[in-house]
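J.: Below is a structure I'd like to ask you about.
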Amino acid sequence: MSTAYFGNFGGAFVPELLIPALDELEQAFVDAQKDASFNEEFFSLLENYAGRPTPLTKTRNLSSNPLVTIYLKREDLLHGGAHKTNQVLGQALLTKRMGKARVIAETGAGQHGVATALACALLKLECCIYMGAKDCQRQQPNVFRMRLLGAKVIPVNSGSGTLKDAVNEALRDWSANYEGSHYLLGTAAGPHPFPTIVREFHRMIGAETKAQILKKEGRLPDAVIACVGGGSNAIGMFADFIDEENVRLIGVEPAGKGLHTKEHGAALCQGSTGILHGTYTHIMQDIDGQIEESYSVSAGLDYPAVGPQHSHLKDIGRAEYVAVTDDEALQAFQYLAESEGIIPALESSHAVAHAMKIADQAEDEMLLVVNLSGRGDKDLDYVNQLLSKEAS
Amino acid sequence: MTRYRTMFANLDRKQQGAFVPYVTLGDPTPEASLDIIETLINAGADGLELGFPYSDPIADGPIIQASSIRALDAGVRPKECFDIIHKIRNRYPDIPIGILLYSNLVLAKGLDPFYDQAASSGVDSVLIADVPVKESQPFCEAAIKHSIAPIFIVPPNITEANLQRISKQSEGYTYLLSRAGVTGTESVAQMPAAELIKKLSHYKTAPPLLGFGISRPEHISSAINAGAKGVISGSAVVKKIEENIESLDDIKAALNDFTSIMKAATYYQRQTRIKVHAEEVI
């Protein structure tokens, strides 16, 4: 298995108490990767339950520029409504493999919670989801979905009542119950081995994209673009392209109300290095090292840190990270609906918005792939409210 | 670091275990916090474990998290924490002072500057709740350079290899966990196998203080009977602050009583009488 670090970033900064649980998880993952029957079950679930491979759709109207072709990797069509289902199935199978009967998870937008809940229903695991109280409000349909799927949803009131506080609570639960419970972390962040496990269980996003674009266009794209909160859909898309040096890797962070304000979630663009939730990475913090609250219109990107491999990719200059504001994301949300008949998740709308910007400015032919990481059904009420407010 | 050695030697001679209370620095305000810490010392605390308030205390339960929030709301940052420690050190030159905090507060200042300031403020030991032994090397090097004891946590589930590694590096004392989970009195202390304590002594690990869920005198007698050299009591102490938050006098009175009772439970020869005494208290 790879080491705990990506260059200078990563590690496992957790209480000593959790080290045996992380070691056990790493060992189970290493063994599973070598076990043909594990992979067979994983890929069978992906195909027959989740609906992989997902299509790669050539957009007809999205690009403003005839020189630019934009494809969408349709993770929005995956069962559960987002890419999250991929890695959740993998980790749920690992939970069974470790002989544990209970799963703990945190969720921001609720997408990871829903994905975890459905995998637990399928594999008969007890499921306990921590969700920031503020996020529960913003994402009520997902709270109902999780409960319908048999999960226990625990609203977290401490701190800012968002994703980071849900992670804190989940870590506390795990500290007390690691012997019978697996912490099914939802993004490519957190302590080693989570960033590696989550990447490997999302790697098919990029692998499928590569095969599909070669078939359709006979060449690799000029850039792949994905939104970055914790960074799981982005790392899943990037993983198979990292060695393809001519393919630009572009991560799009939430600029919220603007990078010049304090209300954003752009840990890579505006943050500095430090430790949050067990990993050394880019985080949002004040001068003393207290973690600052992030902000984004999209709950799934509202996180003040990022996966350590993204910090490394930025550090070595292999990937570029940019930021898109709430307003730009909301415009892209509507524009994709109007122009292509696809309602994207607010998270994915950030990536769409950036692709549109690149297209506007391009002077040469370009082939872009946007990872459309999730669908926007969960955001309809919220966006409706926002747009009505704007109109009045 | 020598203050711990002196403390353990003196306590051994007096046939007592150590009672080390924890409070969060600056809770509820820097001025009150100084007063609270002096109360603890005057009521019999043998050493101090002082927490730096942090926004995301993942190893702490609700009681200590709430105390962190109170202190942060009062504007307490590492600078104010070091100021309080400095004042305590000037008034009490011999008491061992340990600080407990999270890694990002150390990184934000920079390892060397942080340990340098800790040393000049009179800190004897530093425990970083989210730095396990496998990530500890740079922190330990900076600590040793400034003659500060790096404190390690030994949980009940520790592997033999990690225990050996901790033993080689440990100074001051060893923070022995009574149970899994986070700090708090909701789950009471459980006594770790006396075997683990024997192993610690076999590997010549720094003297073990038992923590997590220590809230009653009988927890102390059990800890000492199991071979611990004393206890750290955090949430039970902080709870007295929370329960009496309206009045500093009430906080001090409650902490004075609690500390005296807990300290009395550390006397070796009184172990048989503790049970009776404890029932009176509760």
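The values are calculated or read from the model by the stated rules, or taken from the named source; none is laboratory data. Model, not experiment: these values are computed from the prediction. A quick note on method: Cβ atoms are made from the backbone with ideal geometry, for glycine too, and the neighbour counts reach across all protein chains shown. SASA here: full protein model, heavy atoms, side chains in, ligands and nucleic acids out. Shrake-Rupley method; radii C 1.70, N 1.55, O 1.52, S 1.80 Å.
J.: Take B:L25 and decide whether it is closer than 30 Å to B:Q269 by Cβ and more than 12 Å from every other protein chain (Cβ to nearest Cβ).
T.: In short, no.
J.: A further question follows. Confirm whether A:L214 is surrounded by fewer than 20 Cβ atoms within 10 Å (Cβ to Cβ), at pLDDT 95 or above and assigned to a loop (DSSP other than H, G, I, E, B).
T.: no
J.: Please indicate, with yes or no, whether at least one residue in region A:89-109 is in a helix (DSSP H, G or I) and within 20 Å of A:P141 (Cα to Cα).
T.: Within region A:89-109, the first condition is being in a helix (DSSP H, G or I), and the residues that meet it are A:89-97.
Next, from what is left, pick out any that are within 20 Å of A:P141 (Cα to Cα): none.
For region A:89-109, residues in a helix (DSSP H, G or I) and within 20 Å of A:P141 (Cα to Cα): absent.
Conditions (1) open to solvent by 40 Å² or more (accessible area, probe 1.4 Å); (2) under 28 Å from B:Y175 (Cβ atoms); (3) within 13 Å of chain B (Cβ to nearest Cβ), marked per residue:
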position: A:F6; (1), (2), (3): no, no, no
position: A:V14; (1), (2), (3): no, yes, yes
position: A:I19; (1), (2), (3): no, yes, yes
position: A:D23; (1), (2), (3): yes, yes, yes
position: A:Q27; (1), (2), (3): yes, yes, yes
position: A:V30; (1), (2), (3): no, no, no
position: A:E41; (1), (2), (3): yes, no, no
position: A:S44; (1), (2), (3): yes, no, no
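J.: Now for a separate question. How many residues are within 10 Å of chain B (Cβ to nearest Cβ), within 13 Å of A:A21 (Cβ to Cβ), open to solvent by 20 Å² or more (accessible area, probe 1.4 Å) and not charged (D, E, K, R) when one looks only at region A:151-191?
T.: Result for region A:151-191: 3.
J.: Please determine, by comparing only the residues of region B:15-56 that are free of Cβ contacts under 8 Å to residues at least 40 places away in the same chain and open to solvent by 10 Å² or more (accessible area, probe 1.4 Å), which one is farthest from B:E243 (Cα to Cα).
T.: Residues of region B:15-56 that are free of Cβ contacts under 8 Å to residues at least 40 places away in the same chain, as a first pass: B:31, B:53, B:55.
Still in the running and open to solvent by 10 Å² or more (accessible area, probe 1.4 Å): B:31, B:55.
Numbers: B:E31: 18, B:S55: 22 Å.
The selected residue is B:S55.
J.: A:N65 passes all but one of (1) open to solvent by less than 10 Å² (accessible area, probe 1.4 Å); (2) within 26 Å of A:L368 (Cβ to Cβ); which number fails?
T.: (1)
J.: Does region B:150-170 contain any residue that is touching a helix residue (DSSP H, G or I) at 6+ places or on another chain (Cβ under 6 Å) and more than 14 Å from chain A (Cβ to nearest Cβ)?
T.: First, the residues of region B:150-170 that are touching a helix residue (DSSP H, G or I) at 6+ places or on another chain (Cβ under 6 Å): B:150, B:152-153, B:155, B:157, B:162, B:165-166, B:169.
Subsequent filtering for residues that are more than 14 Å from chain A (Cβ to nearest Cβ) retains none.
The answer is no; no qualifying residue exists.
J.: Regarding region A:172-185, can at least one residue be identified that is among the basic types (K, R) and not in a loop (DSSP other than H, G, I, E, B)?
T.: Yes, there is a match, as at least one residue in region A:172-185 is among the basic types (K, R) and not in a loop (DSSP other than H, G, I, E, B).
Yes/no per residue for (1) farther than 26 Å from B:F114 by Cα; (2) surrounded by 20 or more Cβ atoms within 10 Å (Cβ to Cβ):
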{"residue": "B:P156", "(1), (2)": "yes, no"}
{"residue": "B:E160", "(1), (2)": "yes, no"}
{"residue": "B:K199", "(1), (2)": "yes, no"}
{"residue": "B:H219", "(1), (2)": "yes, yes"}
{"residue": "B:A226", "(1), (2)": "yes, no"}
{"residue": "B:G234", "(1), (2)": "no, yes"}
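J.: Which is of a type in the set (G, A, S) and touching an Asp or Glu at 6+ places or on another chain (Cβ under 7 Å), of A:S296, A:S388, A:S349? So that I can check it myself, show each step before the final result.
T.: Numbers: A:S388 fails: touching an Asp or Glu at 6+ places or on another chain (Cβ under 7 Å); A:S349 fails: touching an Asp or Glu at 6+ places or on another chain (Cβ under 7 Å).
None of the other options fit; the residue is A:S296.
J.: Suppose we filter B:G75, B:G122 for residues that are more than 14 Å from chain A (Cβ to nearest Cβ) and on the phi > 0 side of the Ramachandran plot; which single one remains?
T.: One residue alone meets the criteria, B:G122.
J.: Given the condition of a type outside the set (S, T, Y), under 25 Å from B:E243 (Cβ atoms) and crowded, with 16+ Cβ neighbours inside 10 Å, answer yes or no: does some residue in region B:101-112 qualify?
T.: The answer is yes; a qualifying residue exists.
J.: Give all pairs with beta carbons closer than 6 Å in which a residue from region B:124-147 that is surrounded by fewer than 21 Cβ atoms within 10 Å (Cβ to Cβ) meets a residue that is acidic (D, E) and at pLDDT below 95; count only pairs at least 6 apart in sequence or on separate chains.
T.: Between residues of region B:124-147 that are surrounded by fewer than 21 Cβ atoms within 10 Å (Cβ to Cβ) and residues that are acidic (D, E) and at pLDDT below 95, there is no close pair.
J.: Kindly check whether there is at least one residue in region B:141-153 that is closer than 23 Å to B:L101 by Cβ, assigned to a loop (DSSP other than H, G, I, E, B) and among the hydroxyl-bearing types (S, T, Y).
T.: yes
J.: If you go through region A:74-92 one residue at a time, do you hit one that is in contact (Cβ under 8 Å) with a residue 24 or more places away in the chain and more than 27 Å from A:D135 (Cα to Cα)?
T.: No - not one qualifying residue is present in region A:74-92.
J.: Please name all residue pairs, on different chains or six or more residues apart, with Cβ atoms under 6 Å, provided the first residue is in region A:266-283 and is over 21 Å from B:P132 (Cα atoms) and the second residue is part of a strand (DSSP E or B) and open to solvent by 10 Å² or more (accessible area, probe 1.4 Å).
T.: Cβ pairs passing all conditions: A:A266/A:A323; A:A267/A:H282; A:L268/A:H282; A:L268/A:Y321; A:C269/A:Y321; A:C269/A:A323; A:G271/A:H282.
J.: So, in region A:329-378, how many residues would count as being over 25 Å from A:Q140 (Cβ atoms), charged (D, E, K, R) and in contact (Cβ under 8 Å) with a residue 40 or more places away in the chain?
T.: Qualifying residue count for the region: 5.
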